[in-house]
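Colleague: Starting off with a structure, shown below.
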Amino acid sequence: MKYLLLLLLLPQVTIAQNFEVGILGGFNVHSRPFSNLSTLEDKSQPGYAVAAKASLLLPKAQIGLGVEMVSIQEYNYKMPQYTSREYNYIAKPLITPYLFYNIRYVSTKGYVYAGLMGGPTIAAVGVNTWQYNGYNGAVSGYSTAYNSTLGFVAGAQAGFVVRVDKHIGITGEAGLRYTQYDYKPVVVTSQENPYFYKYLYFPITAGVRYRFRT
């Protein structure tokens, strides 16, 4: 089956005229994790998003590789007096190498595109440890340790490229991602694992692309 797929793609690859790389940066927002009782009171915070891509431009499509890094952070007011914020670092950062396939709509000034992506992800999950004033005293603060775990990301994106000259283009992109990963600490006091995360995030980025003529 895989050889048949290669044969079908070969004619498109051989007539491809361009190879493109790009760097993008911006911000992302995210939903509250699904089915996670430990984050019910959390409020999401916007985070950063950066990405790099390399793609082969086919006549009406593009295929390629990318890597994306975003921060996913929330907060709540569970501290005493409800005046100090407690931060929940769901991923700081979330790093995703991925494959993508986009359909392109080409004009003389550039193109717009939309497509799908997917790949593994590495999440640095923040685990908070509470600090107390003496034995059974009031909570005085907390410290955060970061622990890496693996998961996956799948989603879609749409964007545009406007040509400045035959090599350089200005680009913008909006993405929708679903991710899932599970960090299992040594000791879990709750009935469910509070570090099992499933949520959506939405990176919005802009940057530049460079096209190599082949």
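Values quoted throughout were computed directly from the atomic coordinates according to the rules given, and no laboratory measurement underlies them. Since this is a predicted model, take the numbers as computed values, not measurements. Positions of Cβ are backbone-derived with ideal geometry, glycine not excepted, and every protein chain shown enters the neighbour counts.
Colleague: Which of the strands (runs of 3 or more DSSP E) found entirely inside the range 26-108 contain at least 1 residues meeting this: without any contact (Cβ under 8 Å) to a residue 12 or more places away in the chain and more than 20 Å from the chain's Cα centre (by Cα)?
Modeller: By residue number, 86-107.
Colleague: Would you confirm whether or not the range 186-208 contains a residue that is over 18 Å from the mean Cα position of the chain (by Cα), of a type in the set (Gly, Ala, Ser), within 30 Å of GLN62 (Cα to Cα) and in a strand (DSSP E or B)?
Modeller: No; the residues of the range 186-208 include none that is over 18 Å from the mean Cα position of the chain (by Cα), of a type in the set (Gly, Ala, Ser), within 30 Å of GLN62 (Cα to Cα) and in a strand (DSSP E or B).
Colleague: Pairs only if they're at least six apart or on different chains, beta carbon under 9 angstrom, first in the range 152-164 and closer than 19 Å to TYR210 by Cα, second surrounded by 16 or more Cβ atoms within 10 Å (Cβ to Cβ) and acidic (Asp, Glu); list them, first residue then second.
Modeller: Cβ pairs passing all conditions: ALA158/GLU173; GLY159/GLU173; PHE160/GLU173; VAL161/GLU20.
Colleague: Now a separate question. Take GLY25 and tell me if it is closer than 22 Å to ILE204 by Cβ, surrounded by fewer than 18 Cβ atoms within 10 Å (Cβ to Cβ) and small (Gly, Ala, Ser).
Modeller: Criteria met by GLY25.
Colleague: Looking at the range 32-57, which of its residues are hydroxyl-bearing (Ser, Thr, Tyr), buried (at least 19 other Cβ atoms within 10 Å of the Cβ) and in contact with a Pro (Cβ under 6 Å, 6 or more places away or on another chain)?
Modeller: Passing the criteria: only THR39.
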